[in-house]
Amino acid sequence: MTKPKLIFMGTPDFAVPILQMLVEEGYPILAVVTQPDRPKGRKRIMTPSPVKEEALRQLIPVIQPEKLRHPDAVAQISALQPDLIVTAAYGQILPKSILELPQYGCLNVHGSLLPNYRGGAPIQRAIMNGDPVTGVTLMYMAAGLDTGDMIRKSEVIITEADNTGTMFLKLSQAGKELLRSTLPELLAGHIQAIPQDNSQATLAPNISREDEQINWSRAAAELFNQIRGLSPWPGACTLWNGENFKIWASRKQPLKHESAAASFPTATPGTVLQVTEDGIEITTGEGTLWLTEIQPSGKKAMDAAQFRLGASMQAGTILGLPLEKGDSN
């Protein structure tokens, strides 16, 4: 069977192994569609997406519309006459004019077990909710948000050592292999897609500033999941000395130090109990949490041992909600 000519749409690192697999398997890729270059870092340098960088390495033409539904973008993609469109974390909803374009349809590699976690942050939300298992779903794209018929799924375990960064890697590899094994059968007409049960659907909206804020009245287990779900980006945040204080990693139990909770029997949630090389022990609404990798405002991320060497944080300090932009101390 002649392999179909396709267009690949994707943006972050999650999508790169999937694009690489399509190249390795010899699928003719007419173009890669990705988000426009964006300013990045403190110097706000215009930076291409990881998918664009990979496409350029593979000498594949790149299209970067600001809005995919713009008539010029639709015309440019239509002119290529693709047989198939494959997407993975592209970041824009495909308009009907593009969905109806390829004879084999538009396929999406989605980072959840649909109909759970429809939306832009399925991996982060699964971790933040403490789910033990997630996965990837290969699906047909439809007009709604991740509502299309499901083709095949692959489950992936979430361990307590995982954060969003590690799960992006695991799910990207799972998605790559799922697409590799499924695509030949699908193109041959040997797989029947299954409609989603909309009554079972849950949503995974993009991460907001509110999601980043640590509310110390929540249980330690919930905060542990929140922190790892926001690492390595954008990071959970609290307030210390009137400035934002990022938290990149934590433990529910220390490595060697005993809890100092008995010394602060009526401590307000968010109270620092002790600062050790093992972590910063904080009271929560239920249990204590040990912060192991943090980032004070204006400094680089560091582990607890590095922080302890020069920190002025003392037992009894109360951490608070982070400042919003424009707030004053």
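Worth pointing out:
- Near pairs, Cβ below 6 angstrom, 6+ apart or cross-chain, from the stretch 251-269 (farther than 17 Å from Ile318 by Cα) to any residue that is charged (D, E, K, R) and surrounded by 12 or more Cβ atoms within 10 Å (Cβ to Cβ): Pro254/Asp278; Leu255/Asp278; Lys256/Asp278; His257/Asp278
- Some residue of the stretch 111-118 being farther than 30 Å from Leu321 by Cβ, part of a loop (DSSP other than H, G, I, E, B), at pLDDT below 95 and not assigned by TED's automatic domain parsing to the domain that holds Thr284: no
- Residues of the stretch 206-233 classified as loosely packed, with under 15 Cβ neighbours inside 10 Å and either without any contact (Cβ under 8 Å) to a residue 60 or more places away in the chain or of a type outside the set (A, V, I, L, M, F, W, C) (or both), total: 6
- In this entry, Ala89 passes the filter for residues that are on the phi > 0 side of the Ramachandran plot, at pLDDT 95 or above and buried (at least 20 other Cβ atoms within 10 Å of the Cβ).
- Check on Ser328, surrounded by fewer than 21 Cβ atoms within 10 Å (Cβ to Cβ), under 24 Å from the mean Cα position of the chain (by Cα), at pLDDT below 95 and not basic (Lys, Arg): no
- Leu187 being modelled with pLDDT of 95 or more, surrounded by 14 or more Cβ atoms within 10 Å (Cβ to Cβ) and under 23 Å from Ile93 (Cβ atoms): no
- Counted residues, the stretch 87-106 - those being over 22 Å from Gly175 (Cα atoms), more than 26 Å from the chain's Cα centre (by Cα) and assigned to a loop (DSSP other than H, G, I, E, B): 3
- Filter pass, Thr283 being closer than 21 Å to Ile127 by Cβ, surrounded by 15 or more Cβ atoms within 10 Å (Cβ to Cβ), among the hydroxyl-bearing types (Ser, Thr, Tyr) and at pLDDT 95 or above: no
- Filtering the stretch 130-145 to residues that are in a loop (DSSP other than H, G, I, E, B), modelled with pLDDT of 95 or more and closer than 19 Å to Phe14 by Cβ leaves Asp131, Met141.
- When Gly105 is tested against (1) free of Cβ contacts under 8 Å to residues at least 24 places away in the same chain; (2) of a type outside the set (Asp, Glu); (3) crowded, with 17+ Cβ neighbours inside 10 Å, exactly one condition is not met: (1).
Per-residue answers, yes or no, for (1) within 17 Å of Ser112 (Cβ to Cβ); (2) touching a strand residue (DSSP E or B) at 6+ places or on another chain (Cβ under 9 Å):
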{"position": "Met167", "(1), (2)": "yes, yes"}
{"position": "Gly175", "(1), (2)": "yes, yes"}
{"position": "His190", "(1), (2)": "no, no"}
{"position": "Asn198", "(1), (2)": "yes, no"}
{"position": "Ala204", "(1), (2)": "yes, yes"}
{"position": "Arg218", "(1), (2)": "no, yes"}
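- The set of residues from the stretch 40-84 being within 19 Å of Leu22 (Cα to Cα), among the polar types (S, T, N, Q) and more than 24 Å from the chain's Cα centre (by Cα) comprises Gln58, Gln81.
- Listed by position, the helices (runs of 4 or more DSSP H) enclosed by the stretch 147-232 that each have at least 3 residues that are among the small types (Gly, Ala, Ser) and more than 28 Å from Thr288 (Cα to Cα) are 164-187.
- Some residue of the stretch 1-18 being under 14 Å from Thr87 (Cα atoms), free of Cβ contacts under 8 Å to residues at least 60 places away in the same chain and not hydroxyl-bearing (Ser, Thr, Tyr): no
- Matching residues, the stretch 234-250, being in a strand (DSSP E or B), under 18 Å from Asn129 (Cα atoms) and touching a residue at least 60 places away in the same chain (Cβ under 8 Å): Cys237, Ala249
The values are calculated or read from the model by the stated rules, or taken from the named source; none is laboratory data. Here the structure is a predicted model, which means the values were calculated and not measured. Note: ideal-geometry Cβ built from the backbone for every residue, glycine included; neighbour counts use all protein chains shown.
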